[in-house]
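See below for the structure under consideration.
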Amino acid sequence: MGKELERGVEGLFLQEKPAKILILLKKENKPLYTAIISREINGTYAHTLNVLAQLERLKLVSFKETGRIKLVNLTELGAEVAQAIQNFIDLVGLAEAEGKVDQLYEREVRGRLREEVAKQRVSKELARYKKDLEALAEKPPNVVLHAKRLAKKIDGVVAEVMGYPPA
């Protein structure tokens, strides 16, 4: 891939609206009207049309005209790109969640005697983080692997807080 195209693709997909469009079309799993897409991504109709035209040039979406109105379809390649973007978002979300677990540990647990730790509050917060990880169980293997690693880390912090033997 040429440098010019590479920069153009990075510039396109590292923006919010194109990613939202692809993810929306994949989630809905059916053709959508441009007006619906623009409303769902909170964009203007004109901007949405412009982005869709770029996505069409890249063969990620196609248009089907029904009278004066165009329906937007995700191509097979577009579905793959949407999945890759969703995986990226999930992995970044995992990194953010791990940062929260680390911050909680540093703030509430590290260097304190077990009696000094607010066990119930810390355990409740960690349980909420772990519950959020369960939603990632059906994701691709790389996302699942990182989610399981973080879940194990959370179990280790809970064990330390509650005084359970290490796993």
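Laboratory data are not the source of any read-out in this text; all were calculated from the coordinates shown. From a predicted model like this one, the values you see are computed outputs, not experimental measurements. Reconstructed Cβ throughout: ideal geometry from the backbone, glycine too, with neighbour counts over all protein chains shown.
With the charge dipole of the range 88-128 set up from +1 on Lys and Arg Cβ and -1 on Asp and Glu Cβ about the Cα centre, the Cα lying farthest toward the positive end among the listed residues 93, 117, 127 is that of 117.
For the residues 146, 47, what sequence is obtained by ranking on other C-beta atoms within 10 Å, fewest first? If you can, show how the numbers build up before the last one.
On the way: 146 20, 47 12.
If I rank by nearby Cβ atoms, fewest first, I get 47, 146.
Taking every alpha-carbon pair within the chain, the share separated by more than 26 Å comes to 47 percent. In terms of surrounding Cβ atoms within a 10 Å radius of their Cβ, 41, 21, 36 rank from fewest to most as 36, 41, 21.
Of 67, 78, 111, which has the largest mean-square fluctuation in a 10 Å C-alpha GNM of the chain? Greatest mean-square fluctuation among the candidates belongs to 67. Residues whose amide H lies under 5 Å from that of residue 33, counting only those 5 or more places away or on a different chain, are 72; hydrogens are built 1.01 Å from N in the peptide plane. Ordered by the count of other Cβ atoms within 10 Å of each Cβ, fewest first, 44, 34 give 44, 34. Applying the Karplus relation 6.51 cos²θ - 1.76 cosθ + 1.60 with θ = phi - 60° to the range 43-57 yields 3J(HN,Hα) values of x, 6, 4, 4, 5, 4, 4, 4, 5, 4, 5, 5, 5, 5, 4 Hz, where x marks Gly and Pro. Of the trypsin sites (Lys or Arg not before Pro) found in the range 91-132, the ones in coil according to DSSP and having at most 12 other Cβ atoms within 10 Å of their Cβ are 110, 112.
The alpha-carbon of residue 119 sits under 29 angstrom from the alpha-carbons of these lysines, leaving out residues fewer than 8 places away in its chain: 100, 130, 131, 148, 152, 153. Computing FRET efficiency as 1/(1 + (r/R0)^6) for residue 28 and residue 155, where r is the C-beta to C-beta distance and R0 is 30 Å, gives about 0.25.
When +1 charges are put on Lys and Arg Cβ atoms and -1 charges on Asp and Glu Cβ atoms, the dipole computed for the chain relative to its Cα centre reaches about 300 debye.
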